[in-house]
Amino acid sequence: MRLSRLAAASVAAAATLSIALLAGHTNVFAAQAPPPPPPAAAPPHEMPAPTNLKVLPRNLTGAQVHEIMEQWEGELGTGCKTCHAVDKSQPTGPNGRPKLNFADDSKEEKQTARLMYKMTEDINVNYVSKIDSSGAPVTCGTCHRGKLGPEVFVPKSDHDHDHPPAAPAAGTKPPSGR
């Protein structure tokens, strides 16, 4: 019996010691400095008011034009430098990348983009909108699908094999070879 009391006392002492050690470790962790705050977000990209809008509405803000340009970039699979010329007065910006002159009209691609924008607006206003339940409007991505030059569509050569041949017109012979 004495041995079992001794064993019970040892177990109780070990449990007390474990609790004390655990509490000590908890206090050690609690005493450490809190984790550092997350790094501050980068300052927002400056989007000045546009100065040379010729086909987009002139009352758009810089942020609105930037959003439209990002959509066009994705739909065309390209970047800003495709349509916008490098600013000759400041060839690089603070980030080391070329600084662009967005108002410059010297690049042919910018003129093409304006023409294509007018075309899609014409299609949407004068054609798509007149079809009941026409669905989504035409965008750059409708044809370009992420490529600067849209791929030429070539229909399958065996397309009409799924349909029965048309009946010959009265008084004519059916075509041979079918």
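From the list ASP87, ASP105, ASP122, which residue is within 21 Å of ALA63 (Cβ to Cβ) and among the acidic types (Asp, Glu)?
The match here is ASP87.
Which residue pairs have Cβ atoms closer than 7 Å, lie 6 or more positions apart in sequence or on different chains, and pair a first residue in the stretch 53-66 that is closer than 15 Å to TYR117 by Cα with a second residue that is of a type outside the set (Gly, Ala, Ser) and in a loop (DSSP other than H, G, I, E, B)?
Here the result reads LEU53/LEU60; VAL65/PRO50; VAL65/LEU56, each pair linking the stretch 53-66 to a residue that is of a type outside the set (Gly, Ala, Ser) and in a loop (DSSP other than H, G, I, E, B).
Between a first residue in the stretch 145-162 that is within 30 Å of GLU109 (Cα to Cα) and exposed (fewer than 10 other Cβ atoms within 10 Å of the Cβ) and a second residue that is modelled with pLDDT of 85 or more and not small (Gly, Ala, Ser), which pairs have beta carbons less than 8 Å apart while being 6 or more apart in sequence or on different chains?
From the stretch 145-162, the pairs are GLU151/ARG145.
The values are calculated or read from the model by the stated rules, or taken from the named source; none is laboratory data. Please read all numbers here as calculations on a predicted model, not as lab measurements. Cβ: placed from backbone, ideal geometry, glycine included. Neighbour counts: every protein chain shown.
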